[in-house]
Amino acid sequence: MINRILNHLEEWLIAFLIGAATFVIFLAVVHRYLSGIPVIQDYTVQINMSWAQELCIFMFVWMAKFGAAYGVRTGIHVGVDVVLRKLKGRPYKALVLFGLLAGALFTGTVAALGANFVWHIAQTDQTSADLEIPMWWVYACVPLGSSLMSYRFLQVAWSFFKTGELPHHDHAHVEGVEDDVLEEAFAGGATANKTNKA
C-alpha cells in the first residue's frame, strides 16, 4: 500500500513539475514577445515576470531529484554492465546486490547531509533572489529526493534478492496504451504505406 502511494506521488509530482515548468516558460516567452509590440507594450511591461526563470530552475531541480528515484524504481538509469554480463550465478547476484546497496548507502548519506544542510539554512533568513521564498524550501528536495532514492535502491535490492529480477524499462512500451493497440496501429500503418507505394 505504501509503495503504491509513493509510486503515485512520485509520478504525479514529476508530471506536475514538468507541466507547470513548461506553462511558466511559455507565459514568460509570450510576455517577452508581447512586450516588444508597441500597442501592447505599455500594459505588458507593468507585469513582472522576472521570477519565472528562477521558479523553473527550482522546479527542474525538484523534478530531477524525484525523477532519479523514479529511474531507480523503473530501471531506466544508464549503467555500465560489461562485467555483469560476463558473470553468472552467485558472483552475478553478489555484484548486483553490492551495487544496489552501495547506491542506497550513497543516497542515504546525501539525504543525511542534505537534511543537516537544510536544517542549518532554515535557521537563517536567506531567501531566493526573485521569488523571495526561504532557500530551505528549495534545498529540501535534496534530503527528500535522496531519501526516496535510497528507499528505491533498498526496494530493488530486496526484490532482486528474492526473485533475481531487476526492473527493466521496455523502451518500446508506451505507458497507458495497450500493446495490442500499438501493434494494430503499426500493422495498419505498414499496410497503408505498402498500399500507397503500389
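The values are calculated or read from the model by the stated rules, or taken from the named source; none is laboratory data. Keep in mind that what you see is a predicted model, and the values were worked out from it rather than measured. As a convention, Cβ positions derive from the backbone with ideal geometry for all residues, glycine included, and neighbour counts pool all protein chains shown.
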- Residue check: is H31 under 17 Å from the mean Cα position of the chain (by Cα) and either at pLDDT 95 or above or not acidic (D, E) (or both)? no
- Which ranges mark the helices (runs of 4 or more DSSP H) fully within the range 46-125 that have 3 or more residues being of a type in the set (F, W, Y) and either in contact with a helix residue (DSSP H, G or I) (Cβ under 7 Å, 6 or more places away or on another chain) or over 30 Å from R32 (Cα atoms) (or both)? 51-74, 89-122
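Within the range 38-45, identify whether any single residue is loosely packed, with under 15 Cβ neighbours inside 10 Å and under 21 Å from L131 (Cβ atoms), and answer yes or no.
There is at least one residue in the range 38-45 that is loosely packed, with under 15 Cβ neighbours inside 10 Å and under 21 Å from L131 (Cβ atoms).
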